[in-house]
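J.: Handing you a structure now.
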Amino acid sequence: MEGDFIKIKKWLLPLSWLYGLGVKLRNTMFEIGILKVRSFDVPVISVGNITVGGTGKTPHVEYLANMLRDQFHVAVLSRGYKRKSKGFILADNKTTMAEIGDEPYQMKQKFPNVKVAVDKNRCHGIDILMEQDKQLDVVLLDDAFQHRYVNPGINILLVDYHRLITYDKLLPAGRLREPLNGKDRADIVIVTKCPKELKPMEYRVITKAMGLYPYQQLFFTSLSYDKLKPVFKDCKPKAAPLLTELADTHTLLLTGIASPEQLEHDLSPLIPHLSLLTFSDHHRFRKKDIQHINRSFAALESPKCIITTEKDATRLQTTEGLSDEVRQNIYALPVRIHFMQEQEELFHNHIIGYVLKNSRNSILVKNKDERKPQDSNHSGNRPRTISFRNN
């Protein structure tokens, strides 16, 4: 695994050592109290990583939001990477992608009843969310593992199967944002983007390599895909094909994400005629990019189509200059998270149990019960009914 996926720039290791000193100093300042960490009277679940590049944060945050939204008042708080605005913004149905960033915009489109907000200052963002919604049950922090000013109740660390942190090095020689022992802050570690055919021996090797403490839980997830969806619904596109129907279709895979390798790996067996057109993560498509997309698609043999990610689709929808042919034949591929080794129920129970135990309503009830004499006939508060949805 190390030799296949990890490329270390050994000549930059001295700079990595200096970078590591700076990160260690910052972490020490948090640990001894020079930099202050805040806890909140609402459950906070942080999802993030310690590497540069995609580990599947957005699909995992969406998984949590979908899992919790039927029982709880949920808010997602992100910094809004590459947005053209500042300060706190709570998204509504009129909010644009430029105001909050592509990933928060995507989540708001998928879950309109979930509060989605952006604020670079996460403490400030949580304060406003709690002030505006007295019924708020849980805050999901997107990409906040290094944002140590917030002390989350559950800290989830995502690790890409294709680039395990145990084999990586600090920036700039590798992709680690902080030393490997940063993983010790995690309550839950999830190895993401695992091949579906992962063998039992590989699970054991990865588990041993991660070297987690007894208080940490380890999960494995893979990616699965929903039906293709037209990116532009206003131009009478063709009916979206099924992935299994694209064996004879010349398909352009258009991505602007950090790690498109797993997507390519999954689609290649289904689509023999697969061409790649890749851009950098969060890439803002400019005029020359749009022209390149138009030319690349025009050069394909028929029948043909374009597949892109949901995140890229949100940016493409706001661009101008795509040809009518492209607009009618481009589809977004929704990504879903699948827990392996039948770990889904264990994960659900852990997350929902934490939210139930630590919600503001539960804390108020607990404090009230502690102040009054116990009555053997007192029925107490009726617990919520928990159900799981697989959609």
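J.: Going by average Cβ density within 10 Å per residue, which order do the peptides 78-84, 270-276, 259-265, 186-192 take, highest to lowest?
T.: For the peptides 78-84, 270-276, 259-265, 186-192, the packing ranking is 186-192, 78-84, 259-265, 270-276.
J.: With a 1.4 Å probe and all protein chains left in place, how much of the accessible area of the range 51-111 comes from carbon and sulfur atoms, in whole percent?
T.: Summing carbon and sulfur atoms, their accessible area is 48 percent of the total for the range 51-111.
J.: Rounded, prolate or oblate: which fits the range 33-111, taking a ≥ b ≥ c as square roots of the Cα gyration tensor eigenvalues, rounded meaning a/c under 1.5, else prolate when a/b beats b/c?
T.: rounded
J.: As I understand it, the dipole of the range 83-165 uses +1 on the Cβ of Lys and Arg and -1 on the Cβ of Asp and Glu, about the Cα centre. Which of 95, 149, 123 lies farthest toward its positive end?
T.: Highest projection toward the positive end goes to 95.
J.: Evaluate the charge dipole of the chain about its Cα centre and quote only its size in Debye, nearest 20, assuming +1 on the Cβ of each Lys and Arg and -1 on the Cβ of each Asp and Glu.
T.: 1040
J.: Counting only the backbone N, which residues of the range 319-336 are under 12 Å from the spot 7 Å out from the Cα of residue 294 toward its beta-carbon?
T.: Under 12 Å, as judged by backbone N against the label point of residue 294, lie 320-327 of the range 319-336.
J.: So how tilted is helix 360-371 from the main axis of the chain? Cα-based, degrees 0 to 90, rounded to 10.
T.: Around 10 degrees separate the two axes.
J.: Return the sequence-ordered ³J(HN,Hα) values of the range 217-229 in whole Hz as given by the Karplus equation 6.51 cos²θ - 1.76 cosθ + 1.60 applied to θ = phi - 60°, using x for Gly and Pro.
T.: 9, 10, 10, 10, 10, 10, 9, 10, 10, 8, 5, 4, 10
J.: Separate question: Please go through the residue pairs 84/288; 86/357; 134/193; 196/304 and name each one whose alpha carbons sit more than 25 Å apart in this structure.
T.: 86/357; 134/193; 196/304
J.: Next up: As a test of reading the structure, rank 207, 166 by solvent-accessible area (1.4 Å probe, protein chains only), most first.
T.: Values: 207 65, 166 35 Å².
Final ranking, largest accessible area leading: 207, 166.
J.: With every protein chain kept in place and ligands, DNA and RNA left out, what is the accessible area per residue of the chain? Probe 1.4 Å, answer in Å².
T.: Each residue of the chain exposes 52 Å² on average to a 1.4 Å probe.
J.: Can you compute the FRET efficiency between residue 226 and residue 39 using 1/(1 + (r/R0)^6), with r the Cβ-Cβ distance and R0 = 35 Å? Round to the nearest 0.05.
T.: Efficiency at R0 = 35 Å is approximately 0.40.
J.: Just how much of residue 96 is accessible, in Å², when a 1.4 Å probe is used and the result is rounded to the nearest 10?
T.: The accessible area comes out at roughly 70 Å².
J.: Now, a different point. When a/c is below 1.5 the answer is rounded, else prolate if a/b is larger than b/c, else oblate, so apply that to the chain with a ≥ b ≥ c taken from the square roots of the Cα gyration tensor eigenvalues.
T.: In terms of gyration-tensor shape, prolate.
J.: What's the angle, to the nearest 10 degrees (0 to 90), between helix 200-210's Cα axis and the longest principal axis of the chain?
T.: 60
J.: For the range 162-225, give the percent of accessible area contributed by carbon and sulfur heavy atoms, probe 1.4 Å, rounded to a whole number.
T.: Of all accessible area on the range 162-225, carbon and sulfur atoms account for 60 percent.
J.: Report the label-to-label distance for residue 8 and residue 286 in nanometres (one decimal), using points 7 Å from each Cα along the Cα→Cβ vector.
T.: Between residue 8 and residue 286, the label points sit 3.6 nm apart.
J.: Take every Cα pair under 8 Å in the chain that's 6+ residues apart, average their separations, divide by the length, and report that relative contact order as a whole percent.
T.: It comes to 19 percent, rounded to a whole number.
J.: Ok, one more. Report, to the nearest 10°, how far helix 287-298 tilts away from the longest principal axis of the Cα atoms in the chain, using its own Cα long axis and a range of 0 to 90°.
T.: Around 60 degrees separate the two axes.
J.: By accessible area of protein heavy atoms, probe 1.4 Å, what ranking do 99, 31 get, highest first?
T.: Ranking 99, 31 by accessible area, largest first, yields 31, 99.
The values are calculated or read from the model by the stated rules, or taken from the named source; none is laboratory data. Worth saying up front: this structure is predicted, and the values here are computed from it rather than measured. Quick reminder, even Gly has a Cβ in these numbers, built from the backbone with ideal geometry, and neighbours come from all protein chains shown. Just the protein is used for accessible areas: all its heavy atoms, side chains included, with ligands, DNA and RNA removed. Shrake-Rupley method; radii C 1.70, N 1.55, O 1.52, S 1.80 Å.
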